[in-house]
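**Student:** This is the structure I want to talk about, given as structure tokens.
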Amino acid sequence: MEEFQCGTRIVAGEGAVKVLREYGAKRVFVVTDPYFFKNGMARTVAQETGASQTEFFADVKPDPTVELAAEGTARLKAFGPDLLVALGGGSAMDCAKAMAYFSQGSFPLAAIPTTSGSGSEVTDFAVLTHGDTKYPLVDKRLQPDLAILDSFFLRELPPGLIADTGFDVLTHAVEGFTATGAGMITDLYAQEAFRVAYGCLPASFAGRQEVRLRMHMASCMAGLSFSRAGLGLCHAMSHSLGARFHVPHGRLNAILLPAVIGSNGACCQKKYAVLARAAGMSGSSDGVALRNLRSGLVRLRRELNLPATLAAAGVAPGRVWNALDDIVKAVLADPCCKTNPMPVEDFQVRRILEEVTGHI
Ligand SMILES: NC(=O)c1ccc[n+]([C@@H]2O[C@H](COP(=O)([O-])OP(=O)(O)OC[C@H]3O[C@@H](n4cnc5c(N)ncnc54)[C@H](O)[C@@H]3O)[C@@H](O)[C@H]2O)c1
Ligand SMILES: [Fe+2]
């Protein structure tokens, strides 16, 4: 039996932000990061709601902490909004989702992603960091009520951020497609998300605005897929390494994904081959298509100027080896391991770490 339900209303297109007015809000609370507060976009969004009273929580930093979400929750409860708006990347959206969840308020949550991206605008997940650990909260009630995919917010995306977050989309699609919870419906979203993202990323990176909305939709589709299907070892490892070394989430996925595909290859060669072919990487057999998928991702990573190893991303190998046992322990405890297409073993994680640590 397969069930697919998405409680989020999705509105997409240039100017989609105008839909906010329909909610007739009088008191709006906007969660964002300092970038969107300083450039005035957070205020523009608040004006679009038509609300007469606005409060901003603009302190969200990448990889929001439990403490930050608790501080935001207290501010949110004290204000008592009738609409909550999250404006930003996965960090701002996750922080707002956690705040809405902890405050148990009855207002709708509208998520406006500004990266393509985490897919957080439609997922049941919110990732919070505590010390050296990233905790993915998973609950249907974390799903935003409204997702606004408006290309207006993507116009000034810097190429480096396009590359990092674009590889997050590819990883969501690959892991959603092969996770233990995957079904026919999630497969459709994952496959199309992979095809579109793989095709659009170089053009978006090169500055072509006209592909950005398509890339945004691919990000959302990948979110729809993995939110129901689950993720896998690549995300378990990028959570563990990201909390410890503070390398951007998508960049870590770019470093890890080809190695994880190699490691899982034996158990889901057929599915990897389907993805490769969907994105135009043919192969005379499934084995060849799988190799083409890996080499295609490595080539794309190079084209987007992304690092191939942790060392190239600024993490000295000694730091990895000194914390090796703790890193592996956190990976094995991460909920994403449970939906990896094959059971994750200690030795497998260590072998991938060996492959991606690199040299100075
Ligand atoms: N909830 C989920 O389903 C889910 C899924 C994947 C990742 N995540 C989480 O999302 C976070 C990563 O999110 P992200 O990759 O979107 O980055 P982010 O939200 O951490 O933002 C990174 C930086 O990009 C800047 N930025 C964002 N949009 C911009 C724009 N349009 N123009 C210029 N600068 C902009 C931000 O100000 C910030 O400094 C991680 O914490 C990750 O764990 C959550
Ligand atoms: Fe991700």
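**Student:** Does Ala330 satisfy the condition of being assigned by TED's automatic domain parsing to the domain that holds Leu170, in contact with a Pro (Cβ under 9 Å, 6 or more places away or on another chain) and either modelled with pLDDT of 95 or more or over 17 Å from His235 (Cα atoms) (or both)?
**Tutor:** Here the answer is no, as Ala330 does not meet what is asked.
**Student:** Where in the stretch 1-77 are there strands (runs of 3 or more DSSP E), lying wholly inside it, with at least 1 residues that are closer than 21 Å to Arg155 by Cα?
**Tutor:** 9-12, 27-31
**Student:** Still on this model: Do you know which residues across the stretch 338-351 are surrounded by fewer than 21 Cβ atoms within 10 Å (Cβ to Cβ) and in a helix (DSSP H, G or I)?
**Tutor:** Across the stretch 338-351, the qualifying residues are Lys338, Asp346, Phe347, Gln348, Arg350, Arg351.
**Student:** Residues that are in a helix (DSSP H, G or I), touching a strand residue (DSSP E or B) at 6+ places or on another chain (Cβ under 8 Å) and modelled with pLDDT of 95 or more: does the stretch 197-214 have at least one?
**Tutor:** Yes, the conditions are met somewhere in the stretch 197-214.
**Student:** Moving on to the next point. Do the conditions hold for Lys97, that is, is it touching a Pro at 6+ places or on another chain (Cβ under 8 Å), in a helix (DSSP H, G or I), in contact (Cβ under 8 Å) with a residue 12 or more places away in the chain and not β-branched (Val, Ile, Thr)?
**Tutor:** Against the criterion (touching a Pro at 6+ places or on another chain (Cβ under 8 Å), in a helix (DSSP H, G or I), in contact (Cβ under 8 Å) with a residue 12 or more places away in the chain and not β-branched (Val, Ile, Thr)), Lys97 qualifies.
**Student:** Right, next: Output the number of residues of the stretch 121-139 satisfying the condition of being touching a residue at least 60 places away in the same chain (Cβ under 8 Å) and more than 7 Å from ligand 1 (Cβ to nearest atom). Steps first, answer last, please.
**Tutor:** Taking the stretch 121-139 as the starting set, the residues that turn out to be touching a residue at least 60 places away in the same chain (Cβ under 8 Å) are 121-125, 127-136, 138.
Remaining after also requiring more than 7 Å from ligand 1 (Cβ to nearest atom): 121-122, 124, 128-133, 135-136, 138.
Selection size over the stretch 121-139: 12.
**Student:** Have a look at Val196, Val169 and point out the one that is within 14 Å of ligand 2 (Cβ to nearest atom) and in the same structural domain as Leu275 (by TED's automatic domain parsing).
**Tutor:** Numbers: Val196 fails: within 14 Å of ligand 2 (Cβ to nearest atom).
Sole residue among the options that is within 14 Å of ligand 2 (Cβ to nearest atom) and in the same structural domain as Leu275 (by TED's automatic domain parsing): Val169.
**Student:** Please find, among Phe226, Phe153, Phe194, the residue that is at pLDDT 95 or above, in a helix (DSSP H, G or I), within 29 Å of Glu48 (Cβ to Cβ) and among the aromatic types (Phe, Trp, Tyr).
**Tutor:** After applying the criteria, what remains is Phe153.
**Student:** Within the stretch 178-204, count every residue that is within 16 Å of ligand 1 (Cβ to nearest atom) and in contact with a Ser or Thr (Cβ under 7 Å, 6 or more places away or on another chain).
**Tutor:** 6
**Student:** How many residues does the stretch 232-263 contain that are surrounded by 24 or more Cβ atoms within 10 Å (Cβ to Cβ) and touching a Gly at 6+ places or on another chain (Cβ under 8 Å)?
**Tutor:** Of the residues in the stretch 232-263, 4 are surrounded by 24 or more Cβ atoms within 10 Å (Cβ to Cβ) and touching a Gly at 6+ places or on another chain (Cβ under 8 Å).
The values are calculated or read from the model by the stated rules, or taken from the named source; none is laboratory data. Quick caveat: nothing in here was measured; it's all calculated off a predicted structure. Cβ sites come from the backbone with ideal geometry, for glycine too, and all protein chains shown count toward neighbours.
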